[in-house]
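Single-structure report; data block below.
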Amino acid sequence: MTPTSADDLARFSLTLLEREQLPKVIHFTNHGSTNWNEVARAVYLFLGQDPEKVKKVQSNEYPSIAKRPQQGRLGTLYPDVVAESNHDWNESLDRFLSEVVHD
């Protein structure tokens, strides 16, 4: 998966609105790919906690009615549009956490 920052998505959307013609299909994601375990570990690290406390659970161990594909990442179309609004998912996560986590 590729976690995507709502802030980066909003900036991308504003950039698209400035164009005279819009593409028919639009995909936007932050750079990089990861899994929920790595996202949780990144949050633990940011908070100064031990990321080893995060238990890894495989998708097939988690009960869900929805059938999930092994590979479900979307790519970003129109990279020329997103140059300024797109960042690595980890960088965007750190920026988000810095804004919402208070000491």
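Things worth noting here:
- Under 5 Å from the amide H of Asp88 lie the amide H atoms of His31, each residue being 5 or more positions distant or on a separate chain, with H modelled from the backbone and absent for Pro and chain starts.
- Cut-off 17 Å, label 7 Å out along Cα→Cβ of Asp7, residues of region 35-69 by amide N: 43, 46-47
- Take 44-52, 2-10 and order them by the average number of nearby Cβ atoms within 10 Å per residue, most first; the result is 2-10, 44-52.
- A straight Cα-to-Cα reach below 25 Å connects Lys67 with the lysines Lys55, Lys56, residues fewer than 8 places away in its own chain not being considered.
A short reminder: the numbers here are calculations on the coordinates, not readings from a lab. No experiment lies behind these values; they were computed from the predicted model shown. Please note: Cβ atoms are built from the backbone with ideal geometry, for glycine as well, and neighbour counts cover all protein chains shown.
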